[in-house]
Amino acid sequence: MDGIQDVAGRVVENVERVIIGKHEEVEMALVAMLCRGHVLIEDVPGVGKTVLAKSLAKSIGCSFRRIQFTPDLLPSDVTGVSVFNQKTREFEFRHGPIMAQIVLVDEINRATPKTQSALLEAMEERQVTVDDRTYPMPEPFLILATQNPIEYEGTFPLPEAQLDRFLMRISLGHPEPAEEIRILDAQQFVHPLETLEQVVEAEELLAAQEEVKGVHVDPLIKEYIVAVVNATRDYPDVYLGASPRGSLGLHKTGQALAAVRGRDYVVPDDIKVLAEPVLAHRLIVSPSARIKNVDTRYVVQDILSSVPVPGTRVRR
């Protein structure tokens, strides 16, 4: 697993030249990338969501596109459209901005449900279908979507099916005062993003994505994952718990986090770290719990404190 740790270390170190004081959040975004998953960044404006996406793209030398979601955006503005070429007398497909390796979908909840649904096929099946023709997405492929958790006027909440396709939901949050001073110093003359260099080839990332699949997950850890996910379905304040996709997400991200931290096996602490970003956005609390402002993050933490942690056994 030294190769994965080396790739991850170079990328995280490079991104942290721009995103200061957010090591865990940068690590989570990279873990999602190693799992070929997508990330929903839910946070207030101005904390570095766009810069994080651009920094990852620059560090790996991937193509980057940004889509600003608005109420008048159409699905064809995202996926692309077929245009008739009068010279060749044939239709030509002009791909949309979704056909890039790293795509930032800014303020995803400002577009109508019809436009939001244009992402579903690309996120899950890694392809888009236009006029009965299917076009594969480039590799690697990662969607980083953002939404503001405070301002809801003129927005369209993401449906459960859309949320479930995001491997993780993370928040960057405001920096500490000392870190904010470092940000002021770093951007006094030039933005660090402008001088950021590529540190990993896309082929290295693709190789790491395959190598991650070989990380050992003990049957006891698998039972722990299933027990945590099952507990979300039986929790009193939860109307809809996590689906099996949540179990798969915990399993895959556990493998990636273990590899990033230099291990070829998953431990319970990996699952505890990942449970909130992987599961919280998949839960729907009951109407009565919503009135009491029960937060799904609290639900996950409460479940982790109640589900027994498995012991250890010797690997043979």
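Coordinate-derived values only; no laboratory data. The shown structure was predicted, so the numbers you read here are calculated from the model rather than taken from an experiment. For neighbour counting, all protein chains shown are included, and Cβ atoms are generated from backbone atoms with ideal geometry for every residue, glycine included.
Report, by chain and number, residues whose modeled amide H sits under 5 Å from the one on TYR239, excluding near sequence neighbours (fewer than 5 apart, same chain).
Residues meeting the amide H criterion: ILE284, VAL285, SER286.
Whole-Hz ³J(HN,Hα) for each residue in the stretch 129-145, computed from phi via Karplus 6.51 cos²θ - 1.76 cosθ + 1.60 with θ = phi - 60°, x for glycine and proline: what do you get?
The phi angles translate into 10, 10, 6, 6, 10, 9, 10, x, 7, x, 10, x, 9, 9, 9, 10, 9 Hz.
Packing-wise, with mean Cβ within 10 Å as the measure, how do 138-147, 40-49 rank, highest first?
138-147, 40-49
For q = 0.20 Å⁻¹, what log10 I(q)/I(0) does the stretch 9-74 give under the Debye formula with an equal point scatterer on each alpha carbon and no solvent?
-0.86
Quick check: residue separation of SER171 and ASN148 times 0.36 nm, minus the Cα distance between them. What number comes out in nm?
Gain on extension, SER171 to ASN148, equals 7.2 nm.
In whole angstrom, how long is each semi-axis of the equivalent ellipsoid of the stretch 126-198, when you take the square root of 5 times every eigenvalue of its Cα gyration tensor and sort them from largest down?
Taking √(5λ) for each eigenvalue gives 34, 22, 12 Å, largest first.
Most mobile of GLU276, GLU90, GLU124 per a Gaussian network model of the chain (Cα springs, under 10 Å)?
Maximum among the listed residues: GLU90.
Tell me, how many Å apart are the Cα centres for the stretch 25-83 and for the stretch 159-221?
About 11 Å separates the Cα centre of the stretch 25-83 from the one of the stretch 159-221.
Take the eigenvalues of the Cα gyration tensor for the stretch 1-188, scale each by 5, and report the square roots as semi-axes in whole Å, largest first.
Its equivalent ellipsoid spans semi-axes of 31, 20, 15 Å.
Could you tell me, in Å, what Rg and Dmax come out for the Cα atoms of the stretch 215-308?
13.4, 44
More than 18 Å apart: what percent of Cα pairs in the stretch 80-176 qualify?
Result: 54 percent of Cα pairs exceed 18 Å.
Where a Cα-Cα gap under 12 Å defines reach, which aspartates and glutamates qualify for LYS49, not counting those fewer than 8 residues away within the same chain?
Straight-line reach from LYS49, under 12 Å: GLU25, ASP106, GLU107.
Is it possible to state the helix-based mean residue ellipticity at 222 nm for the chain, with each DSSP H run of 4+ residues giving -39500 (n - 2.57), the sum divided by total residues, to the nearest 500 deg cm²/dmol? What is it?
-13000 deg cm²/dmol
Separation between the LEU193 and LEU163 pseudo-spin-labels, each 7 Å from Cα along Cα→Cβ, expressed in nm?
Inter-label distance under the simple model: 2.8 nm.
Give the Rg (one decimal place) followed by the Dmax (whole number) of the stretch 238-283, computed from C-alpha coordinates and expressed in Å.
11.2, 38
Show me, for the stretch 31-42, the HN-Hα J-couplings you get by feeding each phi into the Karplus relation (A = 6.51, B = -1.76, C = 1.60, θ = phi - 60°), rounded to Hz, glycine and proline as x.
4, 4, 5, 5, 8, 6, x, 10, 10, 9, 9, 9
Once the chain is represented by equal point scatterers at the alpha-carbon sites, with solvent omitted, what log10 I(q)/I(0) does the Debye formula produce at q = 0.12, 0.15 Å⁻¹?
-0.87, -1.31
Lysines within cross-link reach of LYS222: Cα-Cα under 18 Å, excluding same-chain residues under 8 positions apart?
Cross-link targets: LYS213, LYS252, LYS272.
Short version: ³J(HN,Hα) in whole Hz for each residue of the stretch 276-285, in order, from phi by Karplus 6.51 cos²θ - 1.76 cosθ + 1.60 (θ = phi - 60°), x for Gly and Pro, what are they?
With coefficients 6.51, -1.76 and 1.60, one gets 5, x, 8, 9, 4, 6, 8, 8, 10, 7 Hz.
Could you give the length gained on full extension between VAL44 and GLN127, defined as 0.36 nm per residue of separation minus the Cα-Cα distance, in nm?
26.8 nm
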